[in-house]
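Following: one structure in structure tokens, then a few remarks.
The values are calculated or read from the model by the stated rules, or taken from the named source; none is laboratory data. Quick caveat, the model's predicted, so the values are computed rather than measured. Reconstructed Cβ throughout: ideal geometry from the backbone, glycine too, with neighbour counts over all protein chains shown. Accessible surface areas use protein heavy atoms only, side chains included; no ligands, DNA or RNA. Shrake-Rupley method; radii C 1.70, N 1.55, O 1.52, S 1.80 Å.
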Amino acid sequence: MCGIIGATSSRSVGKILIKGLQLMEYRGYDSAGIALNQKEQVFRLRALGKVSNLEEMMVEHKPKAKTGIAHTRWATHGEPSEDNAHPHGSNDEVYIVHNGIIENHESIRARLKKEGYKIISQTDSELIAHLIHFYKQKLGKTTQAMIEATKELKGAYSIAVIDKDKKGKVFAARQKSPLLIGRGIEENFVASDPLAIASVAEGFYLLEDGDFAEISKDKIKIFDETSKEVQRNETLIEATATATSRGGYKHFMEKEIYEQPESVGNTINGRLGENDVLNNIFGLGSSDAFKEVKRIQFVACGTSLHAAKTARKWFEDICETPCYIDFASEYRYRNPLVEENTLFVSISQSGETADTLAALEYAKSKEYLGAVSICNVPTSTMARDADWKMFTNAGPEIGVASTKAFTTQLAALLMLAISIAKSQDINKDKRAEATQDLRNTPSLLQEAFALKADIDQITENIASKNNALYLGRGMFFSIAQEGALKLKEISYIHAEAYPAGELKHGPLALVDDKIPVVALAPEDSLVEKLLSNLEEVKARGGTLYVFGNAKSKIEIKRGKFIKMPECGTYNAPIVYTVPLQLLAYEVACHRGTDLDQPRNLAKSVTVE
Ligand code: F6R
């Protein structure tokens, strides 16, 4: 959701900024731009579309400068256009890049117009440049001007600024939007993601909400919201080059699908005992606190929400705990009634999703037993805000469509269910079975990759259609929802998931020989019922692609039965996810979409 970067160095920074943008392109790719503080003036280039377009312009112009800022955009206010592309400038003096949303932009726009500012773009971001310029005229100092300007902003922002009159300096501010400083050798950086500067920074300072920073090549000054200079602890962040390269795969998504045995291994590693999870795997004191849990409230978005929906059955089964599940974007607007001893659980790959963070903040004002976060990015806001947490350790997920984040979230949620049951000393046998299933999951995921050959046989037919139906029952309905989401977001085929029993209540009307029906048929207590539902599809001439096992093998004239590896009760949903990811991936490749960066989307949705 927009990536911002700034650099000040004893060497030329153009290439560093472009490389940083490329590593953050997953955050948005509607336009890209750069502003470099040169001797006489600020040199700015902006290009529509991907960073590679900007890179080509850079080759043509060959600008040189030792200080600069850059931006890759996911459009919110104003269509993708050159005028709306960042960096935005004011009076050829102050240039800014911004990530976030300024909620009171209309009143600021009106005020600045009255002050005589000519506003060129439709963005809320341009206003920040003018506001800083306005206060700089009054106060003289850029940092002071930023402090005053940001006092007027309502909403979320991370900003990096250069000023024509302050050569060698980058200014930055953070409010509810990720931003960190990178310390290098004779150079310093600011970025919204450590990946962007991992190859040049030796250490990192995570800014807190309300912080400002002023960096030059040999100095980093950080101020808190009261304008007092403060020290933030230096943090080491592991962000290796292998994590950010495709490593021989065609796409990041493909790489991330095939990484899943290792990623899930990293999620469970060091957290399992022989027949149980270890104590306090969600943080100190968590095992004691979990003794009191009577209910759970989950909030998340998109794929992470599907993880919660899938996991509900584990919580009911292993720790006998009723669960409520909400879209994070809806939760706080329904005035939820919180029953005693309800645990609040937020799930997020990025830990920066604005809707989920807002839900967590809201939950803290309510009488919950405490807040647990399951998240993949240890430096994220969510990781800092929760009482207890588990990092999924999946490593950076770059493909916009979530894959390894989902399966590792499921592993973490299963551990949460076991952990609560252990604290409450119930269902010992189920805990032992679930622990064993977790241990077996990486090798089963590996086995599931062998299904690629079967999937190749059905890819073309699905790729040639405009709609698809996904069916499942119980937990596998949520896995079907996740499969449908993967297909639609990267192949642009409209896909809907239904609990198979719902088919006859309406969606069956869609079934004909033109709509492929993908069904998940694991060997569980609902398999007989599911098979009857599939007969309803067959009877209407539907094309069926069924993923199942020996017990669920049905004769299919039109379509294909694909045999899954033999799974355990508790790891089957995790393993059944893989063929649906592969199917979506192969179909999207067949249709030739830009599947690591699908249209209109971005990873890490930091706006509400
Ligand atoms: C889908 C996808 C999104 C995210 C959602 C939440 O493939 O990636 O639906 O799952 O935007 O993101 P996080 O998990 O970062 O909170």
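What residue, among those in segment 310-322 that are within 27 Å of the chain's Cα centre (by Cα) and buried (at least 21 other Cβ atoms within 10 Å of the Cβ), is farthest from Phe290 (Cα to Cα)?
It comes out as Thr310.
Results for (1) of a type in the set (D, E, K, R); (2) in a loop (DSSP other than H, G, I, E, B), shown as yes or no for each residue.
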{"site": "Val518", "(1), (2)": "no, no"}
{"site": "Lys529", "(1), (2)": "yes, no"}
{"site": "Lys560", "(1), (2)": "yes, no"}
{"site": "Tyr585", "(1), (2)": "no, no"}
{"site": "Leu595", "(1), (2)": "no, yes"}
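Please enumerate the residues belonging to segment 81-97 that are part of a loop (DSSP other than H, G, I, E, B), open to solvent by less than 60 Å² (accessible area, probe 1.4 Å) and not aliphatic (A, V, I, L, M).
Correct list: Ser81, Asn84, His86, Pro87, Glu93.
Could you tell me how many of the residues in segment 370-424 are among the β-branched types (Val, Ile, Thr) and more than 15 Å from the chain's Cα centre (by Cα)?
3
Hey, among the residues in segment 498-540 that are among the small types (Gly, Ala, Ser) and open to solvent by 20 Å² or more (accessible area, probe 1.4 Å), which one's farthest from the chain's Cα centre (by Cα)?
Only one residue fits best here, namely Ala539.
For segment 286-377, list the helices (runs of 4 or more DSSP H) that sit wholly inside it and hold at least 1 residues that are within 16 Å of the ligand (Cβ to nearest atom) and outside the structural domain of Leu485 (by TED's automatic domain parsing); which are they?
Output list reads 302-318, 328-331, 354-364.
Taking segment 193-205 on its own, how many of its residues are polar (S, T, N, Q) and either closer than 21 Å to Ala173 by Cβ or not in a loop (DSSP other than H, G, I, E, B) (or both)?
0
Quick one: Ile222 ticks every box in (1) over 16 Å from Gly3 (Cα atoms); (2) in contact (Cβ under 8 Å) with a residue 60 or more places away in the chain bar one, so which box is it?
(2)
Output the number of residues of segment 455-504 satisfying the condition of being of a type outside the set (A, V, I, L, M), part of a helix (DSSP H, G or I) and within 14 Å of the ligand (Cβ to nearest atom).
Number satisfying all stated conditions: 8.
Of (1) touching a residue at least 60 places away in the same chain (Cβ under 8 Å); (2) of a type in the set (A, V, I, L, M, F, W, C); (3) open to solvent by 40 Å² or more (accessible area, probe 1.4 Å), Leu284 satisfies all except one. Which?
Result: Leu284 passes all but (1).
Condition test on Ser491, is it surrounded by 23 or more Cβ atoms within 10 Å (Cβ to Cβ) and in contact with a His (Cβ under 7 Å, 6 or more places away or on another chain)?
no
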